[in-house]
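Taking it in order: structure first as structure tokens, then the write-up.
The values are calculated or read from the model by the stated rules, or taken from the named source; none is laboratory data. Model, not experiment: these values are computed from the prediction. Here Cβ is always computed from backbone atoms with ideal geometry, including for glycine, and neighbour counts include all displayed protein chains. Only protein heavy atoms, including side chains, enter the accessible area calculation; ligands, DNA and RNA are left aside. Shrake-Rupley method; radii C 1.70, N 1.55, O 1.52, S 1.80 Å.
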Amino acid sequence: MRKILTLCCLLSLCWPAWAQAASWKAVLRYDKQAAQADLIRRLQKYTALSNETAKGRTALAKWLAKELKNIGAQQVKTGADGSVSALLPATSRQSVPALALGAFLPPGPGTEARLQAKYNGGDLWVDKAQNLRLTEYDNPQLLEAHGHDLLLAPNADGRAGAAVLLTLADYLLGHPAIAHGPIYLFFMQDPHAPAPVQAEYAYVLNGGRLGEMVTETFSGQSFEAVFEGDLRPDPGQAMGSAFADNLLMAADFQTLLPRQSRPENTSGRRGFVWVTQADTRGAVSTVRGIVRAFDAQEMQQLTAQVQQAFQTVKALNPKNKKSSLQFKEEFQNLQGKLPPALLSSLQAALRQEEIPAQTVALRAQNTAAALTAQGLPALELFCGVFNRGTPLEYADVSIMEAALRTLLTRSTL
């Protein structure tokens, strides 16, 4: 009897260490096909919900909040901006920094996500009536998708990430033996809204290819050029008068911006200048645009091109005295603003799942960059969504499942 009691005491002393070392896959008895079925079910449910209107955003937020509560999440909250947040309480006996996992759900119509089971190559018709189809020529990532389940839906962006995060929460809350620190989940529908949670850092599921991580983004500035003319003199007597044509000045300004620096003529790491709006009200014409670049030197060169075009217009129109040009910084490159542990811990999880990491320099801003600027360091992670924002948008369920495994591993490191 004494030996049995001694053995029990020893086992109880060893229990915390054993619990910390337990593999989430062993605890879950993880079934990849069952996980993919869960992801398909959830994504089809979420794509059926429209969030194009304020009423739709509220309905989608309530739906997500209800599901979070049903699976046992705590501190479930919804915001007036359509955001949702929740807490998965820590189960680890060690002190682990809080981790945030999120998704941005852009506005989209409610639609039925059509399942293409076990894609075996070739073209995929999305809508024959509109001659919309996915081809391997235009979508080379399909060459890597043979045998995968694909969900065709023009609003899969963000919703695929939500499906992954709800499935992860369901697993962790249903298996408290898996040791992890506090995990905050958040879902945003307004890209300019403040982060709905506080944590050490965050991962946002919005990317496409397997293993993709956005570690760098454009820096962005906007500009506004205002040209004030004088249209009061009779145009028939314009020569030698104070006549100044603001429409001509605005047109000249746009023409003088170098065509080789336009978006359609740049790719890779080259930035661009783009006029996004031009309008005229009486004697005042306003031209608005954006400048995008990865590094400070190119940003300076591109803004100098805009300034040179503006100064040339002023020189060509000496009677104009009231024109102005202003720049405004919008966001900065994500590179160099992320803590090393944010990337290294994710890379460790990818290695454990035998997924090759792919770092990406994104020719845009993203939710992760916006959150980082607010003080929550965030990195965008792959989620298997392609052709985002187009009628040919679809989700690769195998990549979604790989994202699920990566986050489960990352959460339990």
Computed over the Cα atoms of segment 211-334, the Rg and Dmax in Å are 17.1, 68
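Where does segment 155-234 land on Rg(C-alpha)/(2.2 N^0.38 Å)?
Segment 155-234 yields a ratio of 1.90.
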For segment 275-371, max minus min Cα coordinate along each principal axis, in Å, sorted largest first? 69, 27, 19
In whole angstrom, largest first, the equivalent ellipsoid semi-axes that the Cα gyration tensor gives for segment 90-145 are 38, 18, 11
Correct semi-axes for segment 321-389, from √(5λ) of the alpha-carbon gyration tensor and rounded to whole Å with the largest first, are 33, 16, 9
Give the carbon-plus-sulfur fraction of the accessible surface of the chain in %, rounded to a whole number; probe 1.4 Å, heavy atoms of protein chains only. 52 percent
Quote the convex hull volume per residue of the chain, based on C-alpha atoms, as a whole number of Å³. 175 Å³
Out of Arg232, Arg259, Arg159, any idea which swings most in a Gaussian network model of the chain, alpha carbons joined below 10 Å? Arg232
At 1.4 Å probe radius, can you tell me the per residue accessible area of the chain in Å²? 50 Å²
What's the ranking of 369-381, 186-198, 28-40 by average number of surrounding C-beta atoms within 10 Å, highest first? 369-381, 186-198, 28-40
What is the antiparallel percent of DSSP beta bridges lying wholly in the chain, to the nearest 5? 70 percent
Sorting Val306, Val275 by accessible area (1.4 Å probe), largest first, what list results? Val275, Val306
Name the chymotrypsin sites (Phe, Trp or Tyr not before Pro) in segment 108-146 that are in a loop by DSSP and that have at most 10 other C-beta atoms within 10 Å, would you? Tyr137
